[in-house]
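Computed from the coordinates by the stated procedures, all read-outs in this text should not be read as laboratory data. All figures in this text were calculated on a predicted structure; none of them were measured in a lab. Neighbour counts run over all protein chains shown; Cβ positions are idealised from the backbone, glycine included.
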Amino acid sequence: MILAQAYETNLDRLRRYAAFSCGSEGLGDGVVSEALEDVLTTVSSAENANLIALFQKLDATLRNTPHGEGSMFAELGRWRQLTPRERRVIMLYILEGFSSRDVVRITGMGRGEVKAIIARARMIYADRFPVRIGLIGGDAELRETIEAALLPVGHRLLWAVTPEDAADPAALPPASLVVIAHEGDTPEKGPQSALDLCSGHACPVILAFDGATEDRLNSRYWTMPLDGLDDATLFNSILVRALLFSG
């Protein structure tokens, strides 16, 4: 599924953008091919300097493309409340990290309209943005690493507790998302025993353990490698996907 794929090249980012706008991976790939086939023969999709121009060309085609919901959004919760135009703005601003000025350039919308869409999304995701993370497990060094990864993107670590102290979720401040740094057990036993720690949390959960892959277990639980928590780019990528695309 497109949610579980690692988007390391600009071409893959463009594919994801089109898919979530159209509501279909196949339709999105067709739009990317139609819009960018001639451009990509002369412009490298892996050059960041060209990324805004590539998104501009793709977005211009997406504006005139019929959209279908299909099964792609079946378990994406509140994401379904957004229109295709709103999805594209939120994808660009939150997931891709463009500035609001760049979003205006890419979409051709007015500055006021882009701001209004971002404000509406903030209402829909009011319990998730600004991001407040709860961490279960890990040592002081890991906590510092996660705090350092969150700070540049405006997120913050709200609390960090041991697995024993996580037994009573009601005693902890409400978090946007809970990260479990799970050590011990085999990978086969690890996920379930760790997820039991979060049975009382209604927010999305990212479970990091040795041997895990970047994946989506269901509408609320995500997995990633334990050592991936030391990679700010990977961690923030999983984090934002979990916040946007969980029920």
- Convex hull over the Cα atoms of region 83-130, averaged projected area in nm²? 3.1
- Using per-residue counts of other Cβ atoms within 10 Å, averaged over each peptide, order 173-183, 218-228 from highest down. 173-183, 218-228
- Message: Would region 132-245 count as rounded, prolate or oblate if I go by the C-alpha gyration tensor, calling it rounded below 1.5 in a/c and otherwise prolate when a/b exceeds b/c, oblate otherwise?
- Response: rounded
